[in-house]
Structure formats: structure tokens, C-alpha cells
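All of the numbers you see were taken from the coordinates with simple rules; none came from a lab. All values derive from a computational prediction rather than experimental measurement. For neighbour counting, all protein chains shown are included, and Cβ atoms are generated from backbone atoms with ideal geometry for every residue, glycine included.
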Amino acid sequence: MIKEELSVDIQTIDAALLSKMFLAGAKNLEAKKEWINELNVFPVPDGDTGTNMSMTIISAAKEVAAVEKPVMKDLAKAISSGSLRGARGNSGVILSQLLRGFTKTIKHYDQIDKIVLCESFQKACETAYKAVMKPKEGTILTVAKGAAEKALELSCDDSYNMEQYIAAIIAEAERVLALTPEMLPVLKQAGVVDSGGQGLVEVLKGAQDAFLGKEIDYTIEAAPASSGVVKISAQTEAEIKFGYCTEFIIVLNKTLTEAQEDEYRAFLQSMGDSIVLVADEEIVKTHVHTNDPGLVLQKALTFGSLSRIKIDNMREEHQEKLIKDAEKLAKEQEKEAEGKAKAAVGPKKDMGFIAVSIGEGVNEVFNGLGVDYLIEGGQTMNPSTEDMLNAIEHVNADHIFIFPNNKNIILAANQAAMLLEDKDIIVIPTKTIPQGISAMINFIPEQSPEENRENMLEAIAAVKTGQVTYAVRDTVIDDKEIKEGDYMGIGDSSILSVGADREDVTKDMVAQMIDEESSFICIYYGEEVLPEAVNALQKYFEETYPECEVEVQFGGQPIYYYVISVE
């Protein structure tokens, strides 16, 4: 614990103070994440805005905590790169873009005064709005804009010292947050403010506490070394052309020009294969299979300092894999991979596929359809941009399709795609598991990636999805009164049915999804549903909708008893 005396009339923020302010903001958000989760409009048990924002900023905070004797430029790099890679969910991606924009300004200064702080808020707001295709007011973006406008209004007012200036900005953010229910009727009906906006306010208030010298625990677990090793599969040692899996991050002395980046990529290609190059203004993440990692590192040092270096002898790994007890090795690999994406490495091909999945049964469906790499988590744990980048590393294809299968993961997938210029990443904006499955079913190997993209977009537009779960609090949504413990049937854009009987709610939900063009119903039942219950439901649908084929699949998903598609 660190106790600091309140400084008198602080007019500028140096790197040491900014570091403490950022860590305090991250800690405050982390402490409030469950409360922020409860502000989600839909009272679902996996409401995750607070969790996503917290995991995003903690990823950056770990980078900041690892910076010794911080200077502003290094802090900016740590905040920007850490939040960018750790971004989860729409709220987390937007927060990462706010932080990224903020650091674009502060990295040029040793001290932050009111003018610099004002410019930083403007850049943060501008960057975040650009990252969202269709910005919606009444959200975290609106709160950020309110804070930025107040910062601009008061930036040249000499009657405000820095302490008063920060307080006024936060007061305005809170005022705008309180107005979000008037901007989005769904918030007003649910009786909550925007959860993402609340998260941003908590970050600002935590930072303010550190500025004022309040007693705060600044401890953040240091960032761990990367463990992202590309595992070889059924190759023999003789087939391994390049023996060393080499990974590291270059902390750039200055941003690479396009020509420098192309030259570096060409050098890597001359040294090996399986190249992944992720570059932004501050860092370059490199992955390459090579026979001479020393030369690769020497080249990288010409651009900056190196971090998180990891070199693995793949031939040695292969020998150990053959020698060690298979069952013991499997357990070790499962432990290492817990909570991470599962890879399916194969020979080079034209088109590959990554899908976010939610349960054992759904995994089997995607695997059966030819998906190369599954990222488990989905609605219950939104994957990060870094998870997406790791997945892309493992798919050996020229063109890679990503199926987010959740509307809250699409931004993270798009952000990963934008970071990779040397691979063709095609994000199909699937919002549900059934949409992802339909997209894969409509893949035609003989057609081009662009033709397949059009086929998939057309296919997912024809899929209606309903999901049945339970309510975690009392609320009113879509003029439906919901009690804690009620079952809810949630459609693509609204809650369709509510009640105390799960099967009745499911039947009512599907009745509202069916129309005269419907011909197929598929039920993916969750881990808590007994086979006899889903069999009875199948029989009911077959009798009630004789014009529809009804199929049942074990999904194995948590929290959602049924995920049902109608096509």
C-alpha cells in the first residue's frame, strides 16, 4: 500500500504520476466490474461489460507496471499496446481505442498540462469514434465525447487549476452518463445507465484518486512472458525444414515506414517460414520458424529493443513428444491450453477457418464442418484481440475466415484483422452460433474467397436465432416485466418470451420466430438439459410445424439451455 500526501496546486502530470493514475484507474474499474456487469440491459447471467473492460485495461496495466523509471513515451507504448492486444468485447475494444488515441498525444511530451490533457481527450474521442462503423449515442462514446468537450471548454480558463480541471471533466462525464437513459429508450425502460459509460467513469475516478494522493494499492501482477508456442502435429523430424520457433516483440525506437516494414518482412521470408508480423506505431510482434534465430534477433535490434523473446527447438520438442508418456503429455498440454484457443495445425491450403465456440457439442459440429481453429468462450468469455491473433498464427492458409458468432466479439475480430497486413483475414459478422454454422455449410471450395464471402453473408441473413436462459434480476425490457429467476427467450434483437416454465418459454419464443417461409428448426441443447426434455420439445415442434424439418444437436453450452435456429 502507498500513502501519499495531497500535493498542493499540481499544474502538470509527469510520467511517474501518470503511471500511478493509470494503475489506479485500472484497479478501480476492476473493483467495480461486477457492479458494472449488473448494469447490462439484458439481465442475463453472463452480462460482461465490466469484465471485458476490466480485462482490457488490466492487460495494459500489467505492461505499465513492468515499466521501471517510467518516461512518457514508454508509458504511452505500454498503455496502447497492452490495451490493444487485451481488448475484449465491444466495450473493451472501444476502451482500447480511447486509450490508444490518448497516448498518441501524450507520447510527445514529458509533462502533461491542461492543454496537453485537452488535446489527449480530443484525440481519444476521435480515435474511438472512427473505430466504430455506426456509432450510437447513449453509450461509452457519448460519455467520452462529453468529457472531451468539457476539457476543450475549460482548457484555457486560468481560473481552473489542474485539480479543478480534472474534477470538472469527470463531473461532466457523470452528468452525460446520467443522461444516457434519455438517449437510449432501452436503458430507460430497464432503469440503468450505460454500462460501458459507467466503466469509463470509474477509470477516470480512479485516476483522479491517485492524482489527489489518496491511499491506493498500486500493485498489478507483472506481465508474464509469452507462452504462445506453435505446436507441431504429425510431422516427422525430417519434415521440419526450419527448426526454431522464434517469437519476440520489438519496442520500436521510431515508427516503421511502409518501406521498412516491407524490407523487414522480406528479410524474415528469406530466413524461414510461418511468418506472422503484427506492427503498430509502437511495437512489432514477430513470429518466424527459422534455422538461425540469432540473425533474426540481430536484424530486429536495428529497429529497437527486444522483449518477450521465446525460442523453441521444434525438433527437440518432437523427439520429446515421441518419448514421453502420451497421457502425461496430454494433461500438460491441456493445462497449458486451458482458457486459450485450441489449434488444429495442418498443411498449407488456400482458405482456412476460425470460429468462436461455446460448448463441447458445438465444437464437434464446427470441427465436422472443417473449421481449423476453435476459440472457446463466446458469450461466457469474450475472446480478446490477442486471442484472435494467436488463432490466426495457427491457421496455415492464404485466406482466413473468422466467425465471431457473437455481436460482442465482431469488433475484436475486426481489430485483429486490421493489425495483420500480410494475411487476408475475412471477418464474417456472425452474431450467433447458428449463423456461424450456416456460413460454414455454405462454403464452396471451388469458389474464390470473395465469392464465398458473399455466399456466407447471404446465408447468415436467412438465419433467425433464439436463446433461452434465466434472469438474474428484476427489470422491464420491451414492455415485458421480468422477475429474477424467470426464463427468457431472447431473439436476434429483443426478448421474445418470458415466464416461469422453461419449455413454455421456448415454445413461445419459436412461435414468434416461425413464418410461412420457415422450413428448418435446429435445437442445440445445453449442458444442463436432459435428453428426454429436448426429445419432447422436438416432438412438439414436429407436430406443431409439420412443414418444418426439426433437428436436435447436443451443444453442451453453459448458461443457455437452448440455442435454436429457424431457417
**Study point:** Label-point separation, ALA259 to MET183 (7 Å along Cα→Cβ), nm
**Key:** 4.5
Check your understanding: Using the alpha-carbon centroid of each, what span in Å lies between the range 45-72 and the range 90-163?
Key -> 18
Exercise for review: Provide the gained length on full extension for the span MET133 to ILE311, in nm with one decimal, where the gain is 0.36 nm per separating residue minus the Cα-Cα distance.
Suggested key: 60.2 nm
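According to the square roots a ≥ b ≥ c of the eigenvalues of the Cα gyration tensor, what is the shape class of the range 351-461, taking rounded for a/c under 1.5, prolate for a/b larger than b/c otherwise, and oblate for the remainder? Don't skip to the answer; put the middle values down first.
Numbers: a/c = 1.38, a/b = 1.06, b/c = 1.31.
Judged from the Cα gyration tensor, the range 351-461 comes out rounded (a/c under 1.5).
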Point to revise | Gain in span if fully extended, GLU446 to ASP508, counting 0.36 nm per residue against the direct Cα distance | key: 18.2 nm
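Largest first and in whole Å, what are the equivalent-ellipsoid semi-axes of the chain based on the Cα gyration tensor, each being the root of 5 times an eigenvalue? Before the final figure, lay out each step's value.
Numbers: eigenvalues 312, 245, 77 Å².
Semi-axes from the Cα gyration tensor: 39, 35, 20 Å.
Over the chain, what is the mean sequence separation of C-alpha contacts under 8 Å (at least six apart), divided by residue count, expressed as relative contact order in percent? Numbers along the way, then the final one.
Details: 1147 pairs, mean separation 70.8, N = 567.
Over the chain, the number comes to 12 percent.
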Review point. Over the range 391-443, what is the mean sequence separation of C-alpha contacts under 8 Å (at least six apart), divided by residue count, expressed as relative contact order in percent?
Key: 43
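For the range 343-462, what relative contact order do you get, as a whole percent, if you take Cα pairs closer than 8 Å and at least 6 residues apart? Walk me through the numbers before you get to the answer.
Details: 217 pairs, mean separation 30.1, N = 120.
Reported relative contact order: 25 percent.
Full extension from ASP217 to ASN291: what is 0.36 nm times the residue separation minus their Cα-Cα distance, to one decimal in nm?
22.1 nm
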Practice item. Go ahead and run the numbers for FRET between GLU454 and ASP273, Cβ-Cβ distance against an R0 of 41 Å, rounding to 0.05. Key: 0.85
Point to revise | Entries of LYS32/LYS205; LYS73/LYS104; LYS69/LYS205; LYS62/LYS150; LYS33/LYS69 with Cα pairs more than 21 Å apart | key: LYS69/LYS205; LYS62/LYS150; LYS33/LYS69
Point to revise | Per-peptide average of other Cβ atoms within 10 Å, ordering 399-412, 26-39 highest first | key: 399-412, 26-39
Point to revise | Kirkwood Rh and Cα Rg combined as Rg/Rh, the range 15-211 | key: 0.95
Review point. Which pairs in the list LYS188/LYS464; LYS285/LYS423; LYS134/LYS480; LYS130/LYS310; LYS349/LYS407 are over 25 Å apart, alpha-carbon to alpha-carbon?
Key: LYS188/LYS464; LYS134/LYS480; LYS130/LYS310; LYS349/LYS407
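Using helices alone, I'd like the mean residue ellipticity at 222 nm for the chain: each DSSP H run of four-plus residues gives -39500 (n - 2.57), total over residue count, nearest 500. Provide the component values of the computation, followed by the final result.
Values: 20 runs with 273 residues, N = 567.
That calculation yields -15500 deg cm²/dmol at 222 nm.
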Check your understanding: Does the range 465-566 classify as rounded, prolate or oblate by the C-alpha gyration tensor (a ≥ b ≥ c root eigenvalues; a/c under 1.5 gives rounded; else a/b over b/c gives prolate, otherwise oblate)?
Key -> oblate
Review point. Counting DSSP beta bridges with both partners in the chain, what percentage is antiparallel, nearest 5?
Key: 70
Review point. Distance from the Cα centre of the range 433-453 to that of the range 352-396, in angstrom?
Key: 16
